[in-house]
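Everything on this sheet refers to the single structure shown next.
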Amino acid sequence: MQVASTPIPTASPEIIGLPVRDGFLLTNLDNIIHCHSDGNYSTVYLNNSNAVTITRKLKELEEALPSRFFIRVHHSHIVNLKHVKKYLKQCGGQLLLSNCQVVDVSRRKRQALLDRLIIL
């Protein structure tokens, strides 16, 4: 006798709760363009031109965000690879993001980033 296997349902789209002062802001992971460190707080830039300050350190965000989409490119920045429009060689390496912001890439993180980007 065979038992039919039931597929495990997957959450789509993936939602994350960002802790803000008055509760949690629920957003799709695809909406996050990049995160910037501000001491014990972080600023999360969303694709609707909003920036949200949350009560988490960048290291905590790095651990919570899925590494298949997000990468730490600098001690102050995590970016969503889906929102990277261009890698700029100037100034030691920078990323142009979908919201037209430019984010620095550290020398230590540059090769890991380039390995993740598809380069022909």
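Yes or no, residue by residue, for (1) within 9 Å of the chain's Cα centre (by Cα); (2) closer than 23 Å to Ala112 by Cα; (3) of a type in the set (D, E, K, R); (4) modelled with pLDDT of 95 or more:
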{"site": "Ile32", "(1), (2), (3), (4)": "yes, yes, no, yes"}
{"site": "Asn40", "(1), (2), (3), (4)": "no, no, no, no"}
{"site": "Val44", "(1), (2), (3), (4)": "yes, yes, no, yes"}
{"site": "Asn48", "(1), (2), (3), (4)": "no, no, no, no"}
{"site": "Lys85", "(1), (2), (3), (4)": "no, yes, yes, yes"}
Inset, instruction - May I ask you to list the residues in the stretch 71-120 that are within 22 Å of Asn31 (Cα to Cα), surrounded by fewer than 14 Cβ atoms within 10 Å (Cβ to Cβ) and free of Cβ contacts under 8 Å to residues at least 24 places away in the same chain? - result: Lys85, Lys86, Cys100, Val102, Ile118
Inset, instruction - Can you confirm whether the stretch 84-94 contains a residue that is farther than 18 Å from Gln111 by Cα, of a type in the set (Val, Ile, Thr) and part of a strand (DSSP E or B)? - result: no
Legend entry - Filtered residues of the stretch 19-63 (kept if touching a Lys or Arg at 6+ places or on another chain (Cβ under 8 Å) and of a type in the set (A, V, I, L, M)): Leu58
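The values are calculated or read from the model by the stated rules, or taken from the named source; none is laboratory data. Keep in mind that what you see is a predicted model, and the values were worked out from it rather than measured. Glycine gets a Cβ as well: all are built from the backbone with ideal geometry, and neighbour counts include every protein chain shown.
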